[in-house]
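The values are calculated or read from the model by the stated rules, or taken from the named source; none is laboratory data. Owing to the predicted nature of the structure, the values given are computational and were not obtained by experimental measurement. Every residue, glycine among them, receives a Cβ derived from its backbone with ideal geometry; neighbour counts consider all protein chains shown.
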Amino acid sequence: MALRPGCLYCKGKPWAFEQLLFKGDTLHAADGHAVDWYSIDFCWPDGNDSAEDILTLDIMLETSESRAMRVSQYRDGCFDDDDVFMVFEQDDLLKVRSMIDEALK
């Protein structure tokens, strides 16, 4: 929770990480201590609500149709003390950027 917003990370268990996320703002209790944070996920289709999102995912799966992505922010809220984190550092981010630059060609 002490990391700055914008950090790229994966959460998971030892040797098994989940999706790439960006860290959003940290949430603080009334007494000021950090209690949670927002995760920013970019791996979801754009839609107005969860029902539309599921329909969009079904259409994409069935037809291979491309749809715009949504950047959504949600509270992590998992509170699992066994979670571990892989936080990407500057050299890692430069490698990721070079891979994205290659994908954009």
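The rows are residues; the columns are (1) in contact with a Cys (Cβ under 6 Å, 6 or more places away or on another chain); (2) modelled with pLDDT of 90 or more; (3) not charged (D, E, K, R).
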residue: Gly32; (1), (2), (3): no, yes, yes
residue: Gly47; (1), (2), (3): no, no, yes
residue: Glu62; (1), (2), (3): no, yes, no
residue: Asp83; (1), (2), (3): no, yes, no
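Residue pairs whose Cβ atoms lie under 9 Å apart, separated by 6 or more positions or on different chains, with the first residue in region 41-55 and over 22 Å from Cys10 (Cβ atoms) and the second in a loop (DSSP other than H, G, I, E, B) and of a type in the set (Phe, Trp, Tyr), are Asp53/Trp44.
With respect to the conditions (1) surrounded by 13 or more Cβ atoms within 10 Å (Cβ to Cβ); (2) under 19 Å from the mean Cα position of the chain (by Cα), Cys43 lacks only one, and its number is (1). Pairs linking a residue in region 62-74 that is farther than 25 Å from Asp36 by Cα to a residue that is in a loop (DSSP other than H, G, I, E, B) and not hydrophobic (A, V, I, L, M, F, W, C), with Cβ atoms under 8 Å and 6 or more positions apart or on different chains, are Arg67/Asp46; Ala68/Asp46; Met69/Asp46. Of all residues in region 68-93, those that are farther than 23 Å from Glu52 by Cβ, assigned to a loop (DSSP other than H, G, I, E, B) and among the charged types (D, E, K, R) total 6. Residue check: Leu55 meets all listed conditions (1) within 18 Å of the chain's Cα centre (by Cα); (2) surrounded by 10 or more Cβ atoms within 10 Å (Cβ to Cβ); (3) in a helix (DSSP H, G or I); (4) of a type in the set (A, V, I, L, M) but one, namely (1).
Scoring Ser50 on the criteria (1) in contact with a strand residue (DSSP E or B) (Cβ under 9 Å, 6 or more places away or on another chain); (2) over 29 Å from Leu94 (Cβ atoms) leaves a single failure, condition (1). For Val96, the conditions (1) outside any helix (DSSP H, G or I); (2) in contact (Cβ under 8 Å) with a residue 60 or more places away in the chain are fulfilled apart from (1).
All conditions in (1) surrounded by 12 or more Cβ atoms within 10 Å (Cβ to Cβ); (2) outside any strand (DSSP E or B); (3) of a type outside the set (Val, Ile, Thr); (4) at pLDDT below 95 hold for Lys11, with the sole exception of (2). In region 20-40, the condition of being in contact (Cβ under 8 Å) with a residue 12 or more places away in the chain, outside any strand (DSSP E or B) and either surrounded by 12 or more Cβ atoms within 10 Å (Cβ to Cβ) or in contact with a Pro (Cβ under 8 Å, 6 or more places away or on another chain) (or both) is met by no residue.
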